[in-house]
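Engineer: My questions all concern the structure below.
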2 protein chains.
Amino acid sequence: MFIIGERINSTRPKIQAAILSRDADSIVNEAKSQFDAGAAILDVNCAMGLDKEADDMEWVIGVIQNALPAAGICIDSPNHFAIEKALEAYKGKGEVFINSITAEPERIGRILPLAVKYKANLIALVMDSGGMPKTRWERKAIAEKILDSVRRAAFEPARLYFDPLVRPISTEPEQAKEFLAAIGLIKELGGVKTICGLSNISFGLPKRSLVNSIFLSIAMSRGLDAAILDPLDKNIASTFLTTQTILGRDEHCKNYLTAFRQGRL
Amino acid sequence: MFIIGERINSTRPKIQAAILSRDADSIVNEAKSQFDAGAAILDVNCAMGLDKEADDMEWVIGVIQNALPAAGICIDSPNHFAIEKALEAYKGKGEVFINSITAEPERIGRILPLAVKYKANLIALVMDSGGMPKTRWERKAIAEKILDSVRRAAFEPARLYFDPLVRPISTEPEQAKEFLAAIGLIKELGGVKTICGLSNISFGLPKRSLVNSIFLSIAMSRGLDAAILDPLDKNIASTFLTTQTILGRDEHCKNYLTAFRQGRL
């Protein structure tokens, strides 16, 4: 189980301003603080709706790998030109993720060859042109369809991360259970992994960090392999750590006790 | 899913003193505050190692039902005389639990007839004379053995609550996973329920309430039916409430939003 830090996202005004003004220090600060908090991979989103996404992506990735060559990146873009430019730009030593494809053939056709060529990991949202799945079974069926396409392109299933799509409990209360059950069903497809963006679960509710962290913990216990989240949220970070300890992934509770001594719990 | 409040326990010095001095107000305060915090059933433990357990039990139960006739009780005793006296004493309108039997025939032989006679619910620890189970499968096997005895006595399985026995992660890190997996395996036996005392999980660690609450949340998502815990621990209470909401047991997030407005999250 690992964390992808979500904070370098141009929908945040601070990040948007840093990208527009080419303020490298702000980007480096966001990158370092997330990396130090345990996010070995950093999501990068520059999709501000302007024409310069590919250039912005190239610049941000250059800034990150210059300061933090060990950090992996997660290229978060709807634009395959920007994705390719980012893949070319990245020379760091970490893992690379493309975020994301869906079951839509056009998007798979454009992105999958890039993932193969650059040996990137690939995040696949379990949705198709019919929209969002409702049940665990619809989620599994879409994942199966994507897995078929990916196998035909000789892409390794071990680098495929399915996102079963979290929905807000405030408006779709039955969806959390379907999401959680889908984690196991999708993993039974064999060799593939699961990932999720966390924060959607609490959309529309107060105390979002409380809901996000409890949901994270339950999803981890079902076998979630990775999560895209804010590692600087103390609630979430301490929940992540404690859940790892409870699930037997922290020998002699070492990480837990260290975090306690450092005031991080 | 419901909560049994654990605070009226004579291993706590404050409770021990209240029992010894027949200080009814202190017992009523503990009962009311737990009941108001959502524990419809109150565990009562008077086993101070003195000879007066049966009398103490009778007195405490009298005090509780006098002040709070709606509160159920959970008679927590190793002593079948004390259990019987408690069952006789209770005239409240809540549910009654006997805490607890194991697979040991002598204990089953003494307690089961009381549970049948007084129509009490029965908590069964999944252990036998061989001691604590290690694996999920040992837990299931012991539960099966207990269920057999119970069925022969014409005791309804729906009133049987198995406790798969939480062990401290600090000393037995692999046991939490076995416990969690055992919840589902035991419930597959059909018609029976599961329960656990929570706090053992964090024995020997700092920030116990953090560990307890995350473990509660994961166990709830696996189908745990009841938990014996401290409902006045804000961390645990808010985790319980939020997990119910996440698991789709809180229509329109009503309880969650009310708790937020009342500052209980």
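Okay, residues lined up against (1) within 29 Å of A:Phe179 (Cα to Cα); (2) buried (at least 16 other Cβ atoms within 10 Å of the Cβ):
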{"residue": "B:Met132", "(1), (2)": "no, no"}
{"residue": "B:Ile146", "(1), (2)": "no, yes"}
{"residue": "B:Ser149", "(1), (2)": "no, yes"}
{"residue": "B:Ala153", "(1), (2)": "no, no"}
{"residue": "B:Arg222", "(1), (2)": "yes, yes"}
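Engineer: Can you name every residue in region B:134-144 that is open to solvent by 70 Å² or more (accessible area, probe 1.4 Å) and without any contact (Cβ under 8 Å) to a residue 40 or more places away in the chain?
Structural biologist: B:Glu138
Engineer: If you scan region A:4-40, which residues turn out to be closer than 30 Å to A:Arg249 by Cβ and open to solvent by 10 Å² or more (accessible area, probe 1.4 Å)?
Structural biologist: A:Glu6, A:Arg7, A:Asn9, A:Asn29, A:Lys32, A:Ser33, A:Phe35, A:Asp36, A:Ala37, A:Gly38, A:Ala40
Engineer: So B:Asp225 clears everything in (1) over 25 Å from A:Ala237 (Cα atoms); (2) more than 16 Å from the chain's Cα centre (by Cα) except one condition, right? Which one?
Structural biologist: (2)
Engineer: Given the options B:Lys193, B:Lys207, name the one that is touching a Phe, Trp or Tyr at 6+ places or on another chain (Cβ under 7 Å) and within 12 Å of chain A (Cβ to nearest Cβ).
Structural biologist: Numbers: B:Lys193 fails: within 12 Å of chain A (Cβ to nearest Cβ).
Only one candidate qualifies: B:Lys207.
Engineer: OK, next. Given the structure, is A:Ile228 more than 23 Å from B:Thr242 (Cα to Cα), touching a residue at least 60 places away in the same chain (Cβ under 8 Å) and away from every other protein chain (no Cβ under 14 Å)? Lay out the reasoning, then the answer.
Structural biologist: Values: more than 23 Å from B:Thr242 (Cα to Cα): no; touching a residue at least 60 places away in the same chain (Cβ under 8 Å): yes; away from every other protein chain (no Cβ under 14 Å): yes.
It is false that A:Ile228 is more than 23 Å from B:Thr242 (Cα to Cα), touching a residue at least 60 places away in the same chain (Cβ under 8 Å) and away from every other protein chain (no Cβ under 14 Å).
Engineer: Another one. Count, please, the residues in region B:232-258 that happen to be more than 23 Å from the chain's Cα centre (by Cα), at the interface with chain A (Cβ under 9 Å from one of its Cβ atoms) and surrounded by fewer than 20 Cβ atoms within 10 Å (Cβ to Cβ).
Structural biologist: Looking only at that region, the number is 4.
Engineer: Also, quick follow-up: Quick check on region A:41-55: of everything there that is surrounded by 15 or more Cβ atoms within 10 Å (Cβ to Cβ) and of a type outside the set (A, V, I, L, M, F, W, C), which residue is farthest from A:Ser238 (Cα to Cα)?
Structural biologist: Step one: list which residues in region A:41-55 are surrounded by 15 or more Cβ atoms within 10 Å (Cβ to Cβ), which gives A:41-48, A:53-54.
The next check asks that each one be of a type outside the set (A, V, I, L, M, F, W, C); those that pass are A:43, A:45, A:53.
On the way: A:Asp43: 21, A:Asn45: 26, A:Glu53: 34 Å.
Top of the filtered list is A:Glu53.
Engineer: On to the next question. Name the one entry in A:Ala120, A:Ala153, A:Ala124 that is at pLDDT 95 or above, more than 14 Å from chain B (Cβ to nearest Cβ) and over 30 Å from B:Thr242 (Cβ atoms). Even if it seems obvious, please write down each step before you answer.
Structural biologist: On the way: A:Ala153 fails: at pLDDT 95 or above; A:Ala124 fails: over 30 Å from B:Thr242 (Cβ atoms).
That would be A:Ala120, the only listed residue that is at pLDDT 95 or above, more than 14 Å from chain B (Cβ to nearest Cβ) and over 30 Å from B:Thr242 (Cβ atoms).
Engineer: Do you know which residues across region A:165-185 are within 20 Å of the chain's Cα centre (by Cα), assigned to a loop (DSSP other than H, G, I, E, B), surrounded by fewer than 22 Cβ atoms within 10 Å (Cβ to Cβ) and within 14 Å of chain B (Cβ to nearest Cβ)?
Structural biologist: A:Arg167, A:Pro168
Engineer: Restricting to region A:114-130, count the residues that are assigned to a loop (DSSP other than H, G, I, E, B) and surrounded by 16 or more Cβ atoms within 10 Å (Cβ to Cβ).
Structural biologist: The total comes to 4.
Engineer: Just checking, does region A:199-220 include any residue being farther than 15 Å from B:Thr242 by Cα, surrounded by fewer than 24 Cβ atoms within 10 Å (Cβ to Cβ) and at pLDDT 95 or above?
Structural biologist: yes
Engineer: Looking only at region B:155-164, how many residues end up being open to solvent by 10 Å² or more (accessible area, probe 1.4 Å) and more than 14 Å from B:Lys140 (Cα to Cα)? First the steps, then the outcome.
Structural biologist: Within region B:155-164, the subset open to solvent by 10 Å² or more (accessible area, probe 1.4 Å) is B:156-159, B:161, B:163.
Those left that are additionally more than 14 Å from B:Lys140 (Cα to Cα): B:156-159.
Residues meeting the conditions: 4.
The values are calculated or read from the model by the stated rules, or taken from the named source; none is laboratory data. Just so it is clear, the structure is predicted and the values come from calculations on it, not from any experiment. Quick reminder, even Gly has a Cβ in these numbers, built from the backbone with ideal geometry, and neighbours come from all protein chains shown. Note: accessible area is taken over every heavy atom of the protein model, side chains too, but ligands, DNA and RNA are not part of it. Shrake-Rupley method; radii C 1.70, N 1.55, O 1.52, S 1.80 Å.
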